[in-house]
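Where a number appears in this text, it was derived from the coordinates with a stated rule and is not lab data. Bear in mind that the values here come from a model prediction, so they are computed numbers and not experimental data. Methodologically, a virtual Cβ is constructed for each residue, glycine included, from the backbone with ideal geometry; neighbour enumeration extends over all protein chains shown.
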C-alpha cells in the first residue's frame, strides 16, 4: 500500500538533485512539500496536506544522514594523487576484424614514451581511443583502413588514485558523478581500472571539474 513516505522516496530516487539538496540541508522543506503535493496526491489518488509531506521529507533526510557509510567516507579521506592531463583527442571507430591490429601498431609506437596518454575502450559495436593530440597523425595512419565514426579534440583527463578495496564500497562512483552533475559538469568519457578512476572533459570544464574532485576529501 502506498504511503506519503513511500511516495516521497520514489520521487526523490528519480530526482537525485533533490536527494543531494536534502543531504546538504539547503532545501526549504515547506516549498518542496508544496511542490510535491500535486504528484503525491495523484499517486495516492486523494488530497494530502503539505505538513504530512514535510514530516516525510524530514524523516527521509534523517535516513540519509544515518546511512552515510563510514567505509565510503574513509575512501574519500584517503584518496591518492589527482593527475590532470591536457591536449587530448578522442577517436571513435566502428569495430572490425582488423581493429586490434591497427591498435597494436599504436601500442608499439608509443610503448617507450611514457609521457603519452593513451586509453583504449572496446564496446560491442565501436571502440574509443583517447590519446595525446601530438599522436593524431599516428592514429590517422594506423587506422586509415578503419571506419571512423567520431572525433573530438581539446579534451583533458583527470585521474584519481583510489585506495585498495574501493571496488567493494557501494556508492563510490555515484558520489563522484553526483557532485559533478550538481556542478553541471558534462563528462565526455569515463575510464576506470581497479584502483584508478579517470574522467575526460572538454578543456573549458577542466578547472571546475578538478575543483569538484579535490573537494571529495571533504565529503563529510
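Observations
- Using a Förster distance of 22 Å, the FRET efficiency for residue 45-residue 13 (Cβ separation, nearest 0.05): 0.60
- Relative contact order (percent, whole number), region 96-220, Cα cutoff 8 Å, 6+ residue spacing: 22 percent
- Gaussian network model of the chain, springs between alpha carbon atoms under 10 Å - residue of 168, 178, 77 with greatest fluctuation: 168
- Computed [θ] at 222 nm, deg cm²/dmol, the chain (DSSP H ≥ 4; -39,500 (n - 2.57); rounded to nearest 500): -14000 deg cm²/dmol
- Taking 14, 85, 59 and counting other C-beta atoms within 10 Å, the order from fewest to most: 14, 59, 85
- Entry note, the chain: relative contact order of 22 percent, from Cα contacts under 8 Å with a spacing of 6+ residues.
- Listed residues 115, 61, 94, most fluctuating in the chain (Gaussian network, C-alpha, under 10 Å): 115
- Ascending count of other beta-carbon atoms within 10 Å, so fewest first, for 124, 43: 124, 43
- Spin-label proximity, residue 59 to region 1-26 - amide N less than 13 Å from point 7 Å beyond Cα toward beta carbon: 2-10
- From most to least packed by mean Cβ count within 10 Å, the peptides 51-58, 105-112 give 51-58, 105-112.
- Relative to the longest principal axis of the Cα atoms of the chain, helix 99-110 runs at roughly 70 degrees.
- Its relative contact order, with pairs defined as Cα atoms under 8 Å and 6+ residues apart, puts region 4-67 at 45 percent.
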